[in-house]
Each structure stands twice: as C-alpha cells, then as structure tokens.
Amino acid sequence: MASETYIATLLEQTGLFNAEQVRVLAAEAASADMPLGQVVAANGAVREGDFLKALGSVLQMPFRRLKDVEIAQDVLQRLPPKAVFQYNVIPVSVENGVLLVAVADPFVPGLVDSLRLASGLRVKLSLSPSEDISQAAKAFYGVGAETVDQMMQDDRFEVSLDEQVGKVDLSEMDQEASIVKFVNQIIWEAHQQGATDIHLEPMEEKLRIRYRVDGVLHETPVPMQLIRFQAAILSRIKVMANLDIAEKRLPMDGRIGLRVKGQNIDIRVSTMPTVYGESVSLRLLQSGTQLITIEDSGMGEHDAAVIRRLIHRPNGIILVTGPTGSGKSTSLNGYLQELNRTDVRIMTAENPIEYEMPGINQVLVRPEIGLTFARVLRSFLRQDPDIIMVGEIRDLETAEIAIQASLTGHLVFSTLHTNDAAGAFTRLMDMGVEPYLVASAVEGVVAQRLVRRLCPDCRVAAVKSDPAFLKEIGFPETLLAGASLYETGRCENCRNSGFRGRLGIFEILPVSDAVQSLITARHSATAIRQQALKEGMRTLRDDGWAKVATGRTTVEEVLRATEEEA
C-alpha cells in the first residue's frame, strides 16, 4: 500500500471527501492490508465503484464495470489462474501487444512487473470494483482455478479416467495441500453465497458442482480439468467425514464440523455411487445462525395472531408440515424462542440440532446407538417438561407417545411431511393412530413453503399485468385494486439475481369442533380442508398472493412453490 501522505493527496483530488474523512481514510488505508477502494467502501463514505471512477480520473486510468463484458478465451489465457487470483485482477483485452488488465488496487508493489512477466506482454491497468473482478474470475476461470492449475503441474496427479476409478492409491493424494485447499475453497464459496447444499456430481466429461441458494440450484463454474482430480477430491471429503475411502459401491453418510469466521458449521455428508463415480451431497447447517421471530419469517398480522393463540395453549400438539427445505425447523425454533422463559421447562429431540438455544434442553437423536425419537420422547416424560419439541414424527410409536404427552398436560411441537395442513390428520391415521386420539390431541396445523424475497434495492414495478393470466391462475380480484406487482431487477446487493433471502407463505388450520367431528368420522383430507376454508382458513396460495400484492415476491415464485388447488 502507498504511503499515508500519497493516499491523502489522492483522496483530496477525487473531491469526494472532506478534510476529516481524508485524514481518517488515509490512516486506515496505510495500515490496512486491503485495496483502497474497499477501505473507502467499508468506512461507508462512498461506494467502491464511485470512488474508483473518481480515482481513475485522477490517475488517468480507465474505469469499467465487468458485469456484461465479454472477454475472449485467448485473452484469458494470457494470464495464469494463479496470477489472476493472487492479485485479484482479470485480463480484459489485447491491443497492439498491450494487455489491458482490470485491477481494484493499482498500488500493489511490483504489480505491473509481475503481470508483464506472467503474460510476456506490456501491461496497461484499468480500474474495476473488487467484487466485479472476483465474480469475473470465478465465472471465466472457475472456483479454485489457481489450485487446479497447481495440481496440473504436479506429475503425480496426471491420471487417466481408468486409473482414477480404481487403480490409484489415494491415501496420500487426499492429504495433498492442493486438494485440501480446493475442498476448503468450495465450502467457503458456498458459505459466502448463503448456500444450504453443495452437490458434487460426476458427469461423463466433467465434475459438476452445484450450490442450492435460496432454494434454487445454481451451477458454479469450475475448471474443466477438475475431472482429473475427481477421486482425490471425493476421497478428501470422505476423510473429513470419517468415512471409508476404500468403499465406493455403497451409499454412506457422515458429518463434518467446521468453524468459519467464528461461526460453527455442521456439514452432513451423503455419498451415492453413480455410473461415473460417487456423487456427494453436503448439507450446510449453520448452528450459530441467529434465530428469527414469527414476524421475521414473513407471517402477516392475522396469521401471527392465530399462531400465538395456538402456541400459548397449555397442552396439545402443534404440527408444522411441508416438504424438506420448507423452513419447518426454523419456524418451530422461532415458536419455542417466544415461549422460552425461566418459569417454563422446554426439551427438544432433534436430528440434527440446527439452532442452539440458551435455556432450552436440546437432545441430539442418534438412531445408530438406539437413541431414537420415541426413546428420547419417552424419557422426556420423566424429566418434568412443560413443552416438548420432537424434530419429526416418523412412526406410530413416536406419534402415540407424543399424543399421550399432549393428553397428560404437555404442549408438544413436531413436524410432518405432508403437502397441506389438512393432510396431517390423515397422515397420522395412516400411521395407525386412532382418529379420536388425533381429534383430541392436535390443536392446530401449520403448512408452509418458502419463496424467494424480491430484492428491495432493485425490484421494478411490473410494466403491465395481464388480467387474463391473473384470472387464470386465481389471483384475487379484490387484491388487484391496491396491489403493487413487482418484477426482478439486477444489482450488486442480490448478486444480480433479483432476489435476496426468502420468506414463508403459510396455511394455518386451527382444529375446531366441526373439524374434530370430521377427523373422528375418518373423513378425507379434502373434506377437512373444505370445512377449514368455510371457517376462514387462507390457503398457501392465498397467502402467497397477499405477499405478491405487497411487493415482497413474484407471481412466478408463488406458482413454483404451491400446488394448484382444485
């Protein structure tokens, strides 16, 4: 980094800062090991892009954004991946023997000389925001490209596909620093993007890596040469999860515990043999994640009031239903957090424990040693609890114990896998629970889904909504008058996706006397649903339309997350 005096002079010449800001920023930049533009952005004085644009005028360097820039493949090959990622630069073009390179920090000592030696060309610098350069480098070279480049230079890693499948001893290869570094890069990249899952899928000609972000899978660019190191990478993951690296014919499950930037991340590992090798799925569970409240989940005032009436009852069962990944555990933990007081004893049985909650007794279920949901739940009843949470009701034994607990004065929370709220009753009866017990014990059911939340910084008002289309999909005419329909935009804050985070849509079914009668008489889920609708229940799609009308999500997201109602 340049001297403090020189930095102060540059900051003054941009005309963006007052004297006090210049003094503070110059001191921070001189001592910080980060680009000047990032120091300015972190301070909050000016955005990095605006600062670099003004700095470019002072230094007589061109400034450009790289979002929509097309860079030829032969230009990218002018710099090795190691130089690109080490200096956070990207080659943009070659003209008359001069390589134009985009940089975020032109003050790195020896930068131009290093790039000239690496490329064999004369180098000219242009300025671009560091985030633009990082995203372009990952898009054009692939995540971990510099690590793969290093592995390519190691002769011991040059193996054919046949050798990779079964003839190479990987016991030493998976310990190589390059392999370790690459696996760490993949996990760190997923963590930065807020991914919940990582999938490593062997294809015929490549190893595909996909992240699930906000419920949607995105393929991450990786170097094509990665297929050469497929076996070593998968073996490294197995070592981290304490799995047998020699077993490639059977599915296996394991767990990895990591600490990233002070946050504990529990990773569930699942392997599956496929035609082209083992497919590995990693589920990222951030145990240190801050708990959300009922309102934070996206629940409206009316639904929040209904939920609060249900969860403050002295006994009974409250069920949350939905498919995997619909936020059931998050909602349950939010309810428990609201009930968590010093005069209430709460006990939970979970697998895994996704949220650590002070003041609540949480038990990790371990079926491999006989510590099942049913056994834990049975033991809970001897622990004098007021409130019990069971991660999931999977079998008749667990269901019967939960019902007995609710009938003897305990409030029980749990989850089921059903498509809607009414289906929870028939699901319990299908397990073998007597209808009169279901009717007596269950106080309410909450069905939920997650939809992506529109980015508030770049969402744009819909040009014109097609009335015929809205009528066809059942969008209520009563909402159209005051509706604010929006579409996705693109900005840095949402990584140009148009969405930032997710929110829930809910269907809440309190058990009334009429619903109890239908359950006892073994009526179908459809009949129970129709009765609940008569009593004022809003369906998942109705709640989704209300959130579309207030500009929080899109019509397409609601259609994607919900089923068409008969």
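The values are calculated or read from the model by the stated rules, or taken from the named source; none is laboratory data. Fair warning: this is a prediction, and the values are worked out from it, not measured in the lab. In this analysis, Cβ positions are derived from the backbone assuming ideal geometry, glycine residues included, and neighbour counts consider all displayed protein chains. To get the accessible areas, we keep the full protein, side chains included, count just its heavy atoms, and leave off ligands, DNA and RNA. Shrake-Rupley method; radii C 1.70, N 1.55, O 1.52, S 1.80 Å.
Tabulated results
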read-out: Bridge type composition, the chain - antiparallel percent by DSSP, nearest 5; value: 65
read-out: Sorted peptide list for 323-329, 86-92, 442-448, criterion being average Cβ within 10 angstrom, highest first; value: 442-448, 86-92, 323-329
read-out: Intensity falloff of the stretch 338-471 expressed as log10 I(q)/I(0), Debye formula with alpha-carbon point scatterers, at q = 0.14, 0.16, 0.19 Å⁻¹; value: -0.72, -0.86, -1.13
read-out: Rule-of-thumb Rg ratio for the stretch 1-50 [Cα; 2.2 N^0.38 Å; N residues]; value: 0.97
read-out: Packing-based order for 207-220, 263-276, using average beta carbon neighbours within 10 Å, highest first; value: 207-220, 263-276
read-out: Debye intensity ratio in log₁₀ form over the Cα atoms of the stretch 230-323, taken at each q of 0.10, 0.20, 0.25 Å⁻¹; value: -0.50, -0.96, -1.23
read-out: Relative contact order (percent, whole number), the chain, Cα cutoff 8 Å, 6+ residue spacing; value: 8
read-out: Charge dipole (debye, nearest 20) of the chain; +1 at Cβ of Lys and Arg, -1 at Cβ of Asp and Glu; value: 400
read-out: Label point distance in nm, residue 272-residue 95, each placed 7 Å from Cα along Cα→Cβ; value: 5.1
read-out: Simple label model, 7 Å out from Cα along Cβ direction - residue 550 to residue 217, nm; value: 3.3
read-out: Rough spin-label spacing in nm, given labels placed 7 Å along Cα→Cβ, for residue 466 and residue 395; value: 5.1
read-out: Cβ-Cβ FRET estimate between residue 245 and residue 293, R0 fixed at 35 Å, reported to 0.05; value: 0.20
read-out: Built amide H within the under 5 Å cut-off of residue 348, gap 5+; value: 361, 362, 363, 389
read-out: Fully extended contour minus Cα-Cα distance, from residue 302 to residue 5, at 0.36 nm per residue; value: 100.9 nm
read-out: With all protein chains modelled, accessible area of residue 61 [1.4 Å, Å²]; value: 50
read-out: The stretch 421-566 - convex hull of alpha carbons, volume per residue in Å³; value: 117
read-out: Between the stretch 226-285 and the stretch 449-509, the Cα center-to-center distance that results, in Å; value: 37
read-out: Distant-in-sequence amide H partners of residue 538 (H built 1.01 Å from N, under 5 Å); value: 508
read-out: Dipole moment magnitude, nearest 20 debye, the stretch 384-478 about Cα centre, only Lys, Arg, Asp, Glu C-beta charged; value: 700
read-out: Charge tally in the Cβ shell below 12 Å around residue 330, where Lys, Arg are +1 and Asp, Glu are -1, residue 330 excluded; value: 0
read-out: GluC sites (Glu not before Pro) lying in DSSP loop within the stretch 488-566, provided at most 13 other Cβ fall within 10 Å; value: 535, 563, 564, 565
read-out: Net lengthening on full extension, residue 354/residue 430 (0.36 nm per residue, minus Cα-Cα); value: 24.5 nm
read-out: Compactness of the stretch 272-382, expressed as Rg and Dmax over alpha-carbon positions, Å; value: 16.9, 57
read-out: Computed magnitude of the charge dipole of the stretch 465-526 (debye, nearest 20; Cβ of K, R +1, Cβ of D, E -1); value: 300
read-out: Charge tally in the Cβ shell below 12 Å around residue 378, where Lys, Arg are +1 and Asp, Glu are -1, residue 378 excluded; value: 0
read-out: Kirkwood-type radius of the stretch 24-107, with distances r between different C-alpha atoms, in Å; value: 14.2
read-out: Flagged links, alpha-carbon separation over 19 Å, of 82/138; 67/547; 138/248; 181/248; value: 67/547; 138/248; 181/248
read-out: Placed amide H near residue 562: partners under 5 Å, 5+ positions off or other chain; value: none
read-out: Quotient of Cα Rg and 2.2 N^0.38 Å for the chain, N being how many residues it contains; value: 1.15
read-out: Rg over Rh, two decimals, the stretch 447-528 (C-alpha only, Kirkwood Rh); value: 1.16
read-out: Residues of the stretch 437-463 with amide N under 14 Å of the 7 Å Cα→Cβ point at residue 560; value: 450-455
read-out: Anisotropy class of the stretch 365-441 from Cα gyration tensor, a/c 1.5 cut; value: oblate
